[in-house]
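Some notes on the structure that comes next.
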Amino acid sequence: MATNESVSIFSSASLAVEYVDSLLPENPLQEPFKNAWNYMLNNYTKFQIATWGSLIVHEALYFSFCLPGFLFQFIPYMKKYKIQKDKPETWENQWKCFKVLLFNHFCIQLPLICGTYYFTEYFNIPYDWERMPRWYFLLARCFGCAVIEDTWHYFLHRLLHHKRIYKYIHKVHHEFQAPFGMEAEYAHPLETLILGTGFFIGIVLLCDHVILLWAWVTIRLLETIDVHSGYDIPLNPLNLIPFYAGSRHHDFHHMNFIGNYASTFTWWDRLFGTDAQYHAYNEKRKKFEKKTE
């Protein structure tokens, strides 16, 4: 009985979203995107799309999302939005980070990306335009992937902070006490594998089209680079997401080393009380800012 009620609720919600979607003006980018997608399917093999296409998407998005934060260090006006103002980025640290990123991306992540094609073949994941999911279903599955990844990240990240193993693996990521966007994937190779597993769990469970791979990597990179940016920018649209952690939440983790273990949302830290020090620090910060106004 309960199952039938759940199905009815989801069906009603789906119909409501479809109705709202029908009222929206036609997306002017849909036709060019459709043409580009079909051109890709007609000129490249599935292996090339799943492997090299995924690598290009990852690299292009990663460094594109890092670019604003990189440029902020040269704009004096943006300094007031930097969270740890006393710890500016240095060329030495950024170059070191870039070299480690290249190693992780091409020696650790690329072999994993090569398995994407075999994953899509084994599970008969479609590539064609006709079975491309509607935007709201795609968004819902990306949200599901984010919840799964966030849960995995919280518990495994907290484990990596255990005093017996911290110095062997996770300490690498904490070399920079004041994070910057490019540092988001700066990590020990084992950490890349351990925490990266959370990214793939949602794909294995929820993927119904290859586009989900690229949509989910887009959202995940946007989020992780944002929380590592080191800047708290006003009117950041990501902060409108309920329970979104944001840059201040994760910046405190790098500054304090203890607490705020979640990657995207705040609920696990709230549930287990691992954000208590963060809230106490925020209260002191707000009181200090009021006194200095």
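The values are calculated or read from the model by the stated rules, or taken from the named source; none is laboratory data. Note that this is a predicted model, so its numbers are computed, not measured. Don't worry about glycine lacking a Cβ; one is built from the backbone with ideal geometry, like all the others, and counts go over all protein chains shown. Just so you know, the surface numbers come from the protein's heavy atoms only, side chains and all, with ligands and any DNA or RNA stripped out. Shrake-Rupley method; radii C 1.70, N 1.55, O 1.52, S 1.80 Å.
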| If you check every pair at least six apart or on different chains, which have Cβ atoms under 6 Å apart with a residue in the range 259-288 that is in contact (Cβ under 8 Å) with a residue 24 or more places away in the chain first and a residue that is assigned to a helix (DSSP H, G or I) and among the hydroxyl-bearing types (S, T, Y) second? | Y261/Y154; A262/Y154; W268/Y154
| Any chance A262 is farther than 20 Å from A146 by Cα and either assigned to a loop (DSSP other than H, G, I, E, B) or of a type in the set (A, V, I, L, M, F, W, C) (or both) | no
| Does I233 satisfy the criteria of being in a loop (DSSP other than H, G, I, E, B) and closer than 19 Å to F70 by Cα? | yes
| request: Can you tell me which residue among L112, L102 is closer than 25 Å to S263 by Cβ, loosely packed, with under 14 Cβ neighbours inside 10 Å and within 21 Å of the chain's Cα centre (by Cα)? | output: L102
| query | Is it true that some residue in the range 25-39 is in a helix (DSSP H, G or I), at pLDDT 95 or above and open to solvent by less than 50 Å² (accessible area, probe 1.4 Å)? | reply | yes
| field | Criterion: touching a His at 6+ places or on another chain (Cβ under 8 Å), hydrophobic (A, V, I, L, M, F, W, C) and crowded, with 16+ Cβ neighbours inside 10 Å - qualifying residue of V217, V210 | value | V217
| request: Please go through the range 239-250 and pick out each residue that is touching a Gly at 6+ places or on another chain (Cβ under 8 Å) and either under 15 Å from H157 (Cβ atoms) or modelled with pLDDT under 95 (or both). | output: N239
| remark: In the range 160-170, residues that are assigned to a helix (DSSP H, G or I) and surrounded by 14 or more Cβ atoms within 10 Å (Cβ to Cβ) total 3
| request: Please list, ordered by first then second residue, the pairs with beta carbon atoms under 7 Å, 6 or more apart or interchain, first in the range 37-52 and touching a residue at least 60 places away in the same chain (Cβ under 8 Å) and at negative phi, second outside any helix (DSSP H, G or I) and loosely packed, with under 12 Cβ neighbours inside 10 Å. | output: L41/D128
| query | Only one residue in A187, A146, A140 is of a type in the set (G, A, S), more than 23 Å from Y44 (Cβ to Cβ) and not in a helix (DSSP H, G or I). Which one? | reply | A187
| task | Would you check if V147 is over 15 Å from the mean Cα position of the chain (by Cα), at pLDDT 95 or above and either open to solvent by less than 60 Å² (accessible area, probe 1.4 Å) or among the β-branched types (V, I, T) (or both)? | result | no
| What number of residues within the range 115-128 are in contact (Cβ under 8 Å) with a residue 12 or more places away in the chain and open to solvent by 40 Å² or more (accessible area, probe 1.4 Å)? | 3
| query | Quick one: H279 ticks every box in (1) modelled with pLDDT of 95 or more; (2) on the phi < 0 side of the Ramachandran plot bar one, so which box is it? | reply | (1)
| remark: L67: passes all of (1) open to solvent by 40 Å² or more (accessible area, probe 1.4 Å); (2) more than 19 Å from the chain's Cα centre (by Cα) but (2)
